[in-house]
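Structure first, commentary second.
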Amino acid sequence: MNTRSQAIILITIMLVLGTLAVLAMSVAGQPRPTSVGAYRTPGAQFPDGVWRVNVDIQPGVYRAVGSGGCYWQRLADLSGRFGAIIQVGGPYLPNTPLAVTIMPGDMAFHSAGCGLWVRAR
């Protein structure tokens with residue numbers, strides 16, 4: 001098996017595991033911030049997890065420095081279906097600068113292993 005085939009298999013596994021994690025979090029419940037407004041301004045920060053767009057976090061450009069194995073998804077819904085994934089990123093190498101633009105029409109944003117996301121604008 002060549003390196004490209006191994007990379008494709010790894011990405012497929014990460015997509016499946018990420019989708020299962022989103023489903024588990026949406027069923028089991030995810031802790032929510034106590035002050036939604038704290039996540040709405042430039043410089044606002046939020047950790048890994050599943051965050052509802054326009055409820056827990058606001059649309060915008062967010063940056064993070066992945067700690068290795070970072071994986072994120074923009075989601076159209078919280079069904080856990082593969083088709084709910086709008087965009088996916090990762091896995092990334094440690095200390096890789098990351099940026100994602102979360103759009104107003106996104107339902108949620110999910111990340112794992114990425115650390116703290118900081119709103120750039």
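Filtering the range 47-84 to residues that are among the aliphatic types (A, V, I, L, M) and over 18 Å from residue 113 (Cα atoms) leaves 53, 55, 57, 61, 76, 78, 84. When residues in the range 60-95 are screened for being surrounded by 15 or more Cβ atoms within 10 Å (Cβ to Cβ), out of contact with any His (no Cβ under 9 Å at 6 or more places or on another chain) and aromatic (Phe, Trp, Tyr), 2 of them pass. Sort out which residues of the range 90-118 are modelled with pLDDT of 90 or more and in a strand (DSSP E or B), and write them in order of number. 99, 100, 101, 102, 108, 109, 110, 111, 112, 117, 118 - these are the residues of the range 90-118 that are modelled with pLDDT of 90 or more and in a strand (DSSP E or B). Taking the range 55-77 as the range and being within 17 Å of residue 104 (Cβ to Cβ) and part of a loop (DSSP other than H, G, I, E, B) as the test, the residues that pass are 55, 56, 58, 59, 76, 77. Just one residue in the set 109, 82 is hydrophobic (A, V, I, L, M, F, W, C), in contact (Cβ under 8 Å) with a residue 24 or more places away in the chain and out of contact with any strand residue (DSSP E or B) (no Cβ under 8 Å at 6 or more places or on another chain); that residue is 82.
The values are calculated or read from the model by the stated rules, or taken from the named source; none is laboratory data. Just so you know, these numbers come straight off a predicted model, no measurement behind them. Note that we place each Cβ from the backbone using ideal geometry, even for glycine, and neighbour counts take in every protein chain shown.
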